[in-house]
Every structure is written in C-alpha cells, then in structure tokens.
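K.L.:
I have a structure here, written as structure tokens, and I will follow up with some questions on it.
The values are calculated or read from the model by the stated rules, or taken from the named source; none is laboratory data. This structure is a prediction, so every number in the text was calculated from the model and none was measured. In this analysis, Cβ positions are derived from the backbone assuming ideal geometry, glycine residues included, and neighbour counts consider all displayed protein chains. For accessibility, only protein heavy atoms count, side chains too; no ligands or nucleic acids. Shrake-Rupley method; radii C 1.70, N 1.55, O 1.52, S 1.80 Å.
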Amino acid sequence: MAGARVIATPRRLPGGLAGQLREKYEVREPDGGFPLCLSEFAAIAEGAEAIFATAFDEMNRAFIAALPGSVRYIASIGVGVDHIDLQAAKTRGIIVSNTPHVTTPCLADATIGLIIAACRRFREGLEIAETGEGRGMLTPDSWGERVTGRTLGIIGMGDVGRAVARRAKAFEMPIIYTTPRPSADIDREFGARAVGVDELLKTADVISLHCPLNEETRHLIDAAAIEKMKPGAVVINISRGPVIDELALIEALKSRRIFAAGLDVYETEPGPIREALRSLPNVFCLPHAASATFESRIAMGQRVIANIDAFFETGAPLDPVV
C-alpha cells in the first residue's frame, strides 16, 4: 500500500477516525475552516487516489470535474449518496462506495419512535407538561391516535423498510408497501402486501418514507399526493428531505388535512429547518439524528475504513455504488 493516500473532504475528520486512517495511509485535511473552494480542495487532493466524503459534502458535477486525475475512488460514510453526482463519477471512472446496513437497526428504531411521537402528539404533550400540568385530562384538541392496529404504508422496502416492518408487527400494524422489486418472501415474512403508490396513499394510516432521493422520488409527497391521503394520516420521513414538498406539507398540517408528521430530514438541509414547519404543534422534529447512536457511528467508521482497505488491496470497495 506504499504511496496510497486518503484525502478528507473540505472538513477535518473526527480525531479517532483520522487516527485509524493515518496508521495505514497519508491523510490530508484542510488546515483552515470550512468550506474550501474547489481550487483549494483540488490542490489538497493532487496526487491522491481516494477521497473521504460525508453526507454533508456536496460533490456535484463541477466538484467531480475539478478533481485531479489521480483520484480513482470516493469513500462516502453514510447510506445516502444523493450528495454525489454518480453519473459524473462514473463518466470519469471514479468508484463510489457508501456504508449501508450498519445503521439499519438505529434507523428503524428512530422510525418507530417518530411514529409513536407523531401519532400520540408527544410534542404537544411535552409543551403542556412544561406548563406544570401533571394530569392526563386534556382537551380533545390535544388527544393523539393509537398506534396499535393502524395500517402502515412503507414507501421503499429495502433494509430499513423491512426492519421497520419487523418492529411494526409488534404493534399489530397491517403493512402495505411499495418497492421496485416486490417479493412473496416479503409478503410472507411480514404478512404484508405490495401495492402501487396511489393505493398506499389512499389506504395507509401511517406513511413512512424509506426511498432514496432521485429524480423519480423528488417531491414524491406533494400537494397532489397529500390530497389522496386519509384526513387522519401521519407522515414519517427519515429518508431525504426533498422527497417531500415541505410547503405543501406545511399547508396540510396547518389545515389539519393530515393529522401529524414525524421528521428527521428536511428539504432545506444543510440550512435551518423552516420555522413554519418546526413551529407547528402537530410536527415532531429530530435534527437528522436517526443514525446518531454510539453503535451506528462506530460501525459507520469501521465500515468506511474496511471499504478503503478493500479498495487499496483489491481495487474494489466492499460496498460499491458505481
């Protein structure tokens, strides 16, 4: 592995992760603040074979084009790769990998937590508790909906979608789902049924999004989709913010066209959450923290290192995307 170099994106790596990489590779990190301009990062990356990426590093077509010819690999930490122009990378012959699977249990746990919090209106309950009220005799305006027995519609039945379905069975939730590859095995394991998106929107009490962000899924949940939902529907999103048209969601929540939402990702990232969204009493917001556990973060770090090692040893990472 002599001469192999791993280059961080225009931000410094966490100390522990950087230390493990330095045991085997030369790690170049920016000395100054974030962000660097493309020319500054290209200078750092000159002669490097690999780049370390996070989900918050936008690697668009211009970024890929500015990379020196030595770069053959982008090692991204995290599941989503919508921050990377995969076609531009493929055209240049640059391999891209991510770290799937290792965060699945924590993502599924967080989804169930958001379902409970949104259905039971825990946001409003917390605000009432902060006033000093200690009894449950609240007005119907602040009552929640029972989770047990409600129909769960899962959009995207990959690893996380299936893990959510596995947990939802404990709540006796009938499960319907959409996926490009429905299977009888999924149906048998979860007592589930594959349906089209329209039927899912019309039938589900809780709609949980677990699909990647691409041109087909951008604003998948828009005003027209919301209009098809039940009036008491609850929307959960831990996938990517732009899968939902947030302005349409805000209007539906304000008018009580739908009952509530539980969100971990936002259309405005990496900027602030819209104040009009986070101020609504029937929205439970997390700060893109569904995978933020000690277990997930450690596993993600170990997996990205394993991908980098495999690339330099064999020419291919363990989790290639392109």
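K.L.:
Return the residues of the stretch 182-235 that are farther than 30 Å from L86 by Cβ, part of a helix (DSSP H, G or I) and charged (D, E, K, R); say none if nothing qualifies.
P.N.:
Hits for the stretch 182-235 are D187, R188, E189, E199, K202, E227, K228.
K.L.:
Residue under question is P281, and the condition is that it be in a helix (DSSP H, G or I) and open to solvent by 10 Å² or more (accessible area, probe 1.4 Å); does it hold?
P.N.:
Considered against the rule, which asks whether it is in a helix (DSSP H, G or I) and open to solvent by 10 Å² or more (accessible area, probe 1.4 Å), P281 comes out as no.
K.L.:
Among (1) farther than 25 Å from T268 by Cβ; (2) in contact with a strand residue (DSSP E or B) (Cβ under 8 Å, 6 or more places away or on another chain), there is one condition P140 misses while meeting the rest; what is its number?
P.N.:
Condition not satisfied by P140: (2).
K.L.:
Oh, and also: Just a yes or no: is a residue in the stretch 8-25 touching a Pro at 6+ places or on another chain (Cβ under 8 Å), of a type in the set (A, V, I, L, M, F, W, C), surrounded by fewer than 15 Cβ atoms within 10 Å (Cβ to Cβ) and at pLDDT below 95?
P.N.:
No - not one qualifying residue is present in the stretch 8-25.
K.L.:
Name the pairs whose Cβ atoms lie under 7 Å apart, with the first residue in the stretch 136-150 and modelled with pLDDT under 95, the second in a loop (DSSP other than H, G, I, E, B) and open to solvent by 70 Å² or more (accessible area, probe 1.4 Å), and 6 or more positions between them or separate chains?
P.N.:
Filtered contacts from the stretch 136-150: G144/R120.
K.L.:
Return yes or no: is V81 open to solvent by less than 30 Å² (accessible area, probe 1.4 Å), part of a loop (DSSP other than H, G, I, E, B), touching a residue at least 60 places away in the same chain (Cβ under 8 Å) and hydrophobic (A, V, I, L, M, F, W, C)?
P.N.:
Yes; evaluated as a whole, the condition is true for this residue.
K.L.:
Restricting to the stretch 99-140, and then to whatever is outside any helix (DSSP H, G or I) and within 30 Å of I74 (Cα to Cα), can you tell me which residue is most open to solvent (accessible area, probe 1.4 Å)? Give the steps one after another, and end with the answer.
P.N.:
The first filter runs over the stretch 99-140 and keeps only residues outside any helix (DSSP H, G or I), leaving 99-103, 120-121, 131-139.
Adding the requirement that they be within 30 Å of I74 (Cα to Cα) leaves 99-103.
Details: T99: 0, P100: 25, H101: 109, V102: 46, T103: 5 Å².
The selected residue is H101.
K.L.:
Run G301 past the list (1) farther than 20 Å from R121 by Cβ; (2) open to solvent by 20 Å² or more (accessible area, probe 1.4 Å) and report the number of the one that doesn't hold.
P.N.:
Failed condition: (2).
K.L.:
In this structure, does V96 turn out to be more than 26 Å from the chain's Cα centre (by Cα), among the β-branched types (V, I, T), open to solvent by less than 60 Å² (accessible area, probe 1.4 Å) and at negative phi?
P.N.:
No, not satisfied.
K.L.:
Any residue in the stretch 29-41 that is crowded, with 17+ Cβ neighbours inside 10 Å and either modelled with pLDDT of 90 or more or assigned to a helix (DSSP H, G or I) (or both)?
P.N.:
Yes, there is a match, as at least one residue in the stretch 29-41 is crowded, with 17+ Cβ neighbours inside 10 Å and either modelled with pLDDT of 90 or more or assigned to a helix (DSSP H, G or I) (or both).
K.L.:
Using the structure shown, decide if T103 is out of contact with any helix residue (DSSP H, G or I) (no Cβ under 8 Å at 6 or more places or on another chain) and in contact (Cβ under 8 Å) with a residue 24 or more places away in the chain.
P.N.:
Against the criterion (out of contact with any helix residue (DSSP H, G or I) (no Cβ under 8 Å at 6 or more places or on another chain) and in contact (Cβ under 8 Å) with a residue 24 or more places away in the chain), T103 does not qualify.
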